[in-house]
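Heads up, the thing below is written out as structure tokens.
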Amino acid sequence: MLKVENLAVNYGYIIALSNINLEINKGEIVTLIGSNGAGKTTTLMAISGLVEKRPGSKITFKGQDITKMAPNKIVHMGMSHVPEGRKIFPALSVYENLRAGALGNKKMTKARFEELVEEQYTLFPRLKERYKQAGGSLSGGEQQMLAIARGLMMDPDIVMLDEPSLGLAPIVIEDIFELIVKIRDMGKTILLIEQNASVALSIADRGYVLETGNITLQGTGQELLVNPEVKKAYLGA
Ligand code: ATP
């Protein structure tokens, strides 16, 4: 589904990513864990076409080279990016936020749009209850749900989530992660970026550990959960 080869990104003189290689197969939940500043957000932005990559980097999505493709084209190929910090539209209602998620999709019919809104309301019943409410008036967990639902309104094949647990209470994080599994079970592929390694690895099929712009470890979610280095560095053991 998605292949990243030799991905390197600089911000001026700062080397954010040195040489990232990763692969995500259809129907998998793959997580990229790492501490603050390791390069997780930069990896997602590079995949989405939002930051410039160094020569030699290659990103392939559904068999097509998207390394130099514009971000809007990548979205329309079926890649949705739910950014860190949610970035919902606070003054727009829940329904309007969902509608914004489908904007610009020329293939979207009215019937498919309505079906997608209903899918979001089934997946996130609280959004249905609050559909007229301003996005900014929702709780943190609800805003995260809205950000994910808005990302699903593009009808993507792959959903990339940047730190969905950020700033949320443990009980709310559990709800969000159960929903991520449900979204995968609906047929989506998931790339999940997380600082909260324990929850991310517990639902992931596979994971990669990112340290100062390099992948240092990889394995199944279970393998990484019991790995002594991961335990020491990321699981507080
Ligand atoms: P966080 O969890 O804090 O978002 P991260 O793992 O996502 O961390 P990145 O945000 O990708 O890490 O940052 C990787 C490196 O690039 C860090 O050293 C960061 O300071 C640097 N960096 C990120 N954005 C910029 C920028 N716009 N200009 C300069 N340096 C940047």
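If the requirement is being out of contact with any Lys or Arg (no Cβ under 9 Å at 6 or more places or on another chain), within 16 Å of the ligand (Cβ to nearest atom) and assigned by TED's automatic domain parsing to the domain that holds LEU168, which of these qualifies: ALA16, ALA70, ALA46? None of the others qualify; the one that does is ALA16. Close Cβ contacts (under 9 Å, 6 or more residues apart or on different chains) running from residues in segment 38-57 that are in contact (Cβ under 8 Å) with a residue 24 or more places away in the chain and of a type in the set (Lys, Arg) to residues that are within 7 Å of the ligand (Cβ to nearest atom) and assigned to a loop (DSSP other than H, G, I, E, B) comprise LYS40/GLY34; LYS40/GLU84; LYS40/GLU163; LYS40/GLN195. Of the helices (runs of 4 or more DSSP H) contained entirely in segment 32-126, those carrying at least 3 residues that are touching an Asp or Glu at 6+ places or on another chain (Cβ under 8 Å) fall at 40-47.
Under the condition of being within 16 Å of the ligand (Cβ to nearest atom) and under 19 Å from VAL117 (Cβ atoms), the residues counted in segment 142-165 number 2. Restricted to segment 169-200, and to residues there that are aliphatic (A, V, I, L, M) and within 16 Å of the ligand (Cβ to nearest atom), the residue that is most open to solvent (accessible area, probe 1.4 Å) is VAL199. For segment 66-87, the condition of being charged (D, E, K, R), open to solvent by 40 Å² or more (accessible area, probe 1.4 Å), in contact with a helix residue (DSSP H, G or I) (Cβ under 8 Å, 6 or more places away or on another chain) and under 16 Å from MET153 (Cβ atoms) holds for at least one residue.
The values are calculated or read from the model by the stated rules, or taken from the named source; none is laboratory data. All values derive from a computational prediction rather than experimental measurement. Virtual Cβ from ideal backbone geometry, glycine too; neighbours counted across all protein chains shown. Heads up: the accessible areas ignore ligands, DNA and RNA and are worked out on the full protein's heavy atoms, side chains in. Shrake-Rupley method; radii C 1.70, N 1.55, O 1.52, S 1.80 Å.
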